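The values are calculated or read from the model by the stated rules, or taken from the named source; none is laboratory data. Predicted, not measured: the structure shown is a model, and the values here were computed from it. All Cβ positions, glycine included, derive from the backbone under ideal geometry; neighbour counts span all protein chains shown. When the accessible area is computed, the model is the full protein with side chains, heavy atoms only, and any ligands, DNA or RNA have been set aside. Shrake-Rupley method; radii C 1.70, N 1.55, O 1.52, S 1.80 Å.
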Amino acid sequence: MSQQEPPLPAHIGIIMDGNGRWARARGRPRMAGHKAGVDNIRPILEACVEIGVPYLSLFAFSTENWSRPDNEVSGLLNLLGSAIRTQLDELNANGVQIRHSGNLDRVNPHLQAEMQRAVNETRSNNRITLNVAFNYGGRAEILAAVRRIIQAGVQPEDLDEERFQGFLDQPDLPDLDLIIRTGGEFRLSNFMLWQATYAEYYSTETFWPAFGPDQLKAALGEYARRERRFGGVCPT
Ligand code: IPE
Ligand code: IPE
Ligand code: MG
C-alpha cells in the first residue's frame, strides 16, 4: 500500500513577532532584532519552496505599528526598502512572485515605488507567492473592499462571499490554512481576518529571528495532525 502524504497547507500566514524581545535578551537594540528578523525570511521562504507550500503571507508591519516610537517606525520602513533593494534580484531569479497586502498611501513615494517594482518585476514567477502584509490591517482591508464595492455600484442582492473576496487586496490568494505566530502570544493582532476564518492556529514561544526551518516543519507536523471539519462532523 502506498503511503499517503501528510496534508500540506496551501497558504501559510506568519505573524513574525518577538524581534524586540529577541534583541533585548541579547542586550541589543530593538532594531538589531528587526534586522535579524528580515534575515530570517530567506531560510523560511526557501523551506516553504522545498516543502511545496505555494503561498506564504508574512505580517511585516501592522496598521497599529504606527504607534511605536518614530525612530522604530522609520527604521522598519527603511528596512523594508533596503530588503527589496538588496534581495529583489535573487528572489526574482528563484521564481518568487511578490505581492503586497495593505495600503502604501502613507509611506513615502520612494518606498511605494520599490514595492511596486518588486511586484511588477516578479509578476510572472510561479515557484511560490510571497505576500507581504505591510501597513496592513484586516479591518482596513475589509473596509477598503467595502469602499470598492460601493464605488463599483454592486447591488446588495448581487453580493455574496465570493464576489466580496474579489474586492480584497489580493483576491486570488486562497484562504489561510495555517497561521503561525512566533513570540508566544495567542492573538491575531488584526492579521488577515477574512482569510483566517478556518485557519489552523499555531503559536510558539520562539522569537521570530530564532524560528528556523525545523520549527516550521514542527508546525507543519502539528497541522497534519489537526482534524479540519469546517463545521461538519467527525469522519469517524
Ligand atoms: C515583530 O516584533 C515585528 C513587528 C511588529 C514589526 P516586535 O517588534 O513586535 O517584537 P516584540 O513583540 O516587541 O518582542
Ligand atoms: C503583530 O505584532 C504585527 C506584526 C508582526 C507585524 P505586534 O507586536 O504589533 O502585536 P501586538 O501589539 O503584540 O498585538
Ligand atoms: Mg510584538
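Summary table
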read-out: Charge dipole magnitude, Cβ of K and R +1, D and E -1 - the stretch 101-236, Cα centre, debye nearest 20; value: 240 debye
read-out: Packing-based order for 51-59, 197-205, using average beta carbon neighbours within 10 Å, highest first; value: 51-59, 197-205
read-out: Shape category assigned to the stretch 20-68 from the gyration tensor of Cα positions, a/c cut at 1.5; value: oblate
read-out: Centre separation in Å (Cα based) which lies between the stretch 181-236 and the stretch 1-56; value: 12 Å
read-out: Dipole magnitude (debye, nearest 20) for the stretch 44-158, charges at Cβ of Lys, Arg, Asp, Glu; value: 180 debye
read-out: Rounded to the nearest 20 debye, dipole of the chain from Cβ charges on Lys, Arg, Asp, Glu; value: 740 debye
read-out: Helix runs (DSSP H) in the chain reaching 27 Å along axis by Cα, Kyte-Doolittle at least -1.0; value: 70-93
read-out: Amide proton proximity set for T63, modelled H, under 5 Å, gap of 5+; value: Y136, G137
read-out: Ordering of 186-193, 157-164 by packing [mean C-beta count within 10 Å, highest first]; value: 186-193, 157-164
read-out: Surface share of carbon and sulfur [accessible, 1.4 angstrom probe, percent] for the stretch 98-236; value: 50 percent
read-out: Label-point separation in nm, E161 to R26, each point 7 Å along Cα→Cβ; value: 4.3 nm
read-out: Surface accessible to a 1.4 Å probe, R28 within the full protein complex, Å²; value: 120 Å²
read-out: Helix-only CD estimate at 222 nm, as mean residue ellipticity for the chain, using -39500 (n - 2.57) per DSSP H run (n ≥ 4); value: -13000 deg cm²/dmol
read-out: Ordering of 61-72, 129-140 by packing [mean C-beta count within 10 Å, highest first]; value: 129-140, 61-72
read-out: Under-5 Å amide H pairs with I98, H placed in peptide plane, nonlocal only; value: T122, L130
read-out: Residues with amide H under 5 Å from that of S203, placed H, sequence gap 5 or more; value: R181
read-out: Probe 1.4 Å, protein heavy atoms only - accessible area per residue of the chain in square angstrom; value: 54 Å²
